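Read through the structure below, which is laid out as structure tokens, and then see the notes.
The values are calculated or read from the model by the stated rules, or taken from the named source; none is laboratory data. Remember, it's a predicted structure, so these values are computed and weren't measured experimentally. Counting neighbours? That spans all protein chains shown, and the Cβs are built from the backbone with ideal geometry, glycine included. Areas reflect the complete protein model, heavy atoms only, side chains present, ligands, DNA and RNA absent. Shrake-Rupley method; radii C 1.70, N 1.55, O 1.52, S 1.80 Å.
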Amino acid sequence: MFGRTLEGKVALVTGSTSGVGRATALTFAQEGAAVVVINGRDEISGKAVCADLAAQAPDAEIHFVRADMNSRADIAALFARTAEIGGGLDVFVHSGYGGSGNGKPDLFENMDLDELEGVISSVFTSLVRCCHHAVPLLKARGGGSILGVISDAAKVPTPGESVHGGALGGSGMFLRGLAREVGRYGIRVNAACPSLIRDTRNYDKVMADGFSRKLFEKIEKRATLGLPGPDDLANLITFLSGPLAAHITGQLVSINGGISGA
């Protein structure tokens, strides 16, 4: 795609057994990454995806490490295992949220407290925990890249996404603040911000019925360039993670087909 811009790099992509994470892991491998660690919560499907990606990118080492993004212990073990496999870490992509906060969009007044806390924990807390482990590994390599896959909901207020958008807004500000802190170590920090992503399980979920379907059918009509798919996100993530974006940090980059100008 870009000419093997990640040649020899060690990358970790969370939430990478489907959708955007899977597409990103494959693109990284095709761009020359020496080691790509993928992650998910299901051991059987994770190993199947690992084998499939390895067949498509035989020059790269593809490894699956099971971890739940809601578990501190799992996250710590994931980064330790990645460092053990690859001898370090050059690129970290946070693409998977924890499982408890992925409910469909709904009006704030209809959400219960358990659901509210689940959204905040899965969207924001998992990212912070992961970055806490990623920064020392990247620093030890003399620099690298952190990329968070968040959402335009972090920048554009949307009915039905007040809590989700609030948590994502916190994620965006965290990533921007972190970029200011770790730039001295040669570490860049950015975010890719989609809205709807076609050909994903989340698209099918929000379009299934009820309030979220009505909301996102209206939003989709505003995508004058068409909705991006997982491969489109993977291309943006690969660009931002590699040397072609060497002077880009602290940015929340929208990729939404024209839904908004945020």
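Worth pointing out:
- The single condition among (1) open to solvent by less than 40 Å² (accessible area, probe 1.4 Å); (2) farther than 18 Å from residue 91 by Cα; (3) not β-branched (Val, Ile, Thr); (4) not in a helix (DSSP H, G or I) that residue 148 does not meet is (2).
- The range 130-142: number of residues that are open to solvent by 10 Å² or more (accessible area, probe 1.4 Å) and in contact (Cβ under 8 Å) with a residue 40 or more places away in the chain: 7
- Residue among 126, 121 that is over 20 Å from residue 237 (Cβ atoms), touching a helix residue (DSSP H, G or I) at 6+ places or on another chain (Cβ under 8 Å) and among the polar types (S, T, N, Q): 121
- Residue satisfying condition, being under 22 Å from residue 5 (Cβ atoms) and out of contact with any Cys (no Cβ under 7 Å at 6 or more places or on another chain), within set 172, 229: 229
- Test: residue in the range 113-120 that is under 19 Å from the mean Cα position of the chain (by Cα), over 22 Å from residue 228 (Cα atoms), in contact (Cβ under 8 Å) with a residue 60 or more places away in the chain and surrounded by fewer than 22 Cβ atoms within 10 Å (Cβ to Cβ): no
- Single residue of the range 187-227 satisfying the filter (of a type in the set (D, E, K, R) and farther than 28 Å from residue 11 by Cβ) that is most open to solvent (accessible area, probe 1.4 Å): 221
- Residue 84 meets the conditions (1) at pLDDT 95 or above; (2) touching a helix residue (DSSP H, G or I) at 6+ places or on another chain (Cβ under 8 Å) in every case but one. The failed one is (2).
- Among the residues of the range 1-28, those identified as farther than 15 Å from residue 232 by Cα and open to solvent by 10 Å² or more (accessible area, probe 1.4 Å) are 3, 4, 5, 7, 8, 9, 15, 17.
- Filtering the range 36-47 to residues that are open to solvent by less than 60 Å² (accessible area, probe 1.4 Å) and farther than 17 Å from residue 237 by Cβ leaves 40, 45, 46.
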